[in-house]
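Q: The structure follows.
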Amino acid sequence: MKKALLTICFLLSCAASARAESLPNLHSQAAWGEKEKKEFLGFLKSNQAVPAGQVKQIAAGDDARRSPSKARYASLALVSDMMILDAGGGRTKTETTTFGPKLLAGGHIFSWVRYYSGIKYNRVGQEKLDGTRAHLSHIEVPLGLELALIPLGTPHTRYFLLRGGVSEHYFYGSAKKSDFKNPLLGWRPAWNLGLGYEWQFDNSNWRFHSLAEGYRTFSASSTRFYGLGLTAGFVYTF
C-alpha cells in the first residue's frame, strides 16, 4: 500500500512538472504588464476551449485604396541681393536693391526631391541717361526643383539644399525705356541656382533655412544682368 502511494505521488509530481514546463516563459515579454501576463497564464491553466469561429475579411474602403499623400510646404523668407548689369564692352554696372519678401509653395516628389514655385518682390535703382536714378519695382516668379541631401553622420533633420530652376523677372515704374541705355523694364527670363542649409525643429512641422542664391538672364536677352544674394526664412510642412 505504501509503495502504491509513493508511486501515485511520483506520477502526480511528474505531471505537474510537465504542465509547468508546457507554459510559456513570459519574463522577456516587455510589451505586456504583469497583469496581462497573469491573465494569459491563468487562461492556459484553466484548459478553456478556444472559441470556434472564422475571421471575416473586411472590404477595404476608399481610404485604404488611396495612395498616401506627399507632404507639401510653404516658405516665407527675407531676401537681400545685388544686381549687376552688363554695360557692354566688358564693363558692368552694379545697381542697388532693397530687402524684400519671398513666398514659395511646393511639395515632395520623393523624400529628397521637392518642387517649388512662388513670388519675390523688391525694388531696384537704375541710373538714367540724364544722370538721375529711377526706382523700379522688381517681381521675380521662380519655378524649379530642389534636392535635400543629408550628409553622412548627421541627423535626418539637417540637410543641404541644392536648388535650381528658371524664373521670370518683371520690372516696372514711372520711367520709360528710352530713359536708359540698357533698360530693365519689362519681362526678363533667367535661370536660378541656390545652395543652402535647412534644419527642422524637434517634433515640429517648422523648419528654418538659409541659402545663397543667384540668377542670370539667358544669353538671348536684350538686357543682360545677374544677381547674387542671401535668403533666410521659415518653412511650414503640412
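The values are calculated or read from the model by the stated rules, or taken from the named source; none is laboratory data. Everything numeric in this text was worked out from a predicted model, so none of it was measured. As a convention, Cβ positions derive from the backbone with ideal geometry for all residues, glycine included, and neighbour counts pool all protein chains shown.
Q: Give region 215-228 a look and list any residue that's more than 12 Å from D86 (Cα to Cα) and either in contact (Cβ under 8 Å) with a residue 60 or more places away in the chain or among the aromatic types (F, W, Y) (or both), or say none. First the steps, then the outcome.
A: Of the residues in region 215-228, the ones more than 12 Å from D86 (Cα to Cα) are 215, 218, 220, 228.
Across region 215-228, the qualifying residues are Y215, F218, L228.
Q: Quick one: count up the residues across region 82-129 that are outside any strand (DSSP E or B), of a type outside the set (G, A, S) and free of Cβ contacts under 8 Å to residues at least 24 places away in the same chain.
A: Kept after step one, since they are outside any strand (DSSP E or B), are these residues of region 82-129: 89-90, 96, 98-99, 109-112, 128-129.
This time we only want the ones that are of a type outside the set (G, A, S), so: 96, 98-99, 109-110, 112, 128-129.
Next, from what is left, pick out any that are free of Cβ contacts under 8 Å to residues at least 24 places away in the same chain: 99, 110.
Looking only at that region, the number is 2.
Q: Next up: Select from region 145-172 the residues that are within 21 Å of T97 (Cβ to Cβ), of a type in the set (G, A, S) and touching a Lys or Arg at 6+ places or on another chain (Cβ under 9 Å) and list them in ascending order.
A: Pass one, region 145-172, residues within 21 Å of T97 (Cβ to Cβ): 163, 165-172.
Subset that is of a type in the set (G, A, S): 165, 167.
Within region 145-172, just S167 meets the criteria.
Q: Which of the following residues is modelled with pLDDT under 95 and of a type in the set (V, I, T): T231, T223? Before you say what the answer is, go through the steps one by one.
A: Values: T231 fails: modelled with pLDDT under 95.
After ruling out the rest, the residue left standing is T223.
Q: Continuing with this model, one more query. Would you mention how many residues in region 188-214 are crowded, with 18+ Cβ neighbours inside 10 Å and closer than 22 Å to D86 by Cα?
A: Going through region 188-214 one residue at a time, the tally reaches 5.
Q: I'm checking my understanding of the structure. Among residues of region 130-144 that are touching a residue at least 12 places away in the same chain (Cβ under 8 Å) and among the β-branched types (V, I, T), which one is nearest to R163 (Cα to Cα)? It would help to see each step written out before you state the result.
A: Within region 130-144, the first condition is being touching a residue at least 12 places away in the same chain (Cβ under 8 Å), and the residues that meet it are 130, 134-144.
Narrowing the set further to residues that are among the β-branched types (V, I, T) leaves 139, 141.
Values: I139: 19, V141: 15 Å.
So the residue we want is V141.
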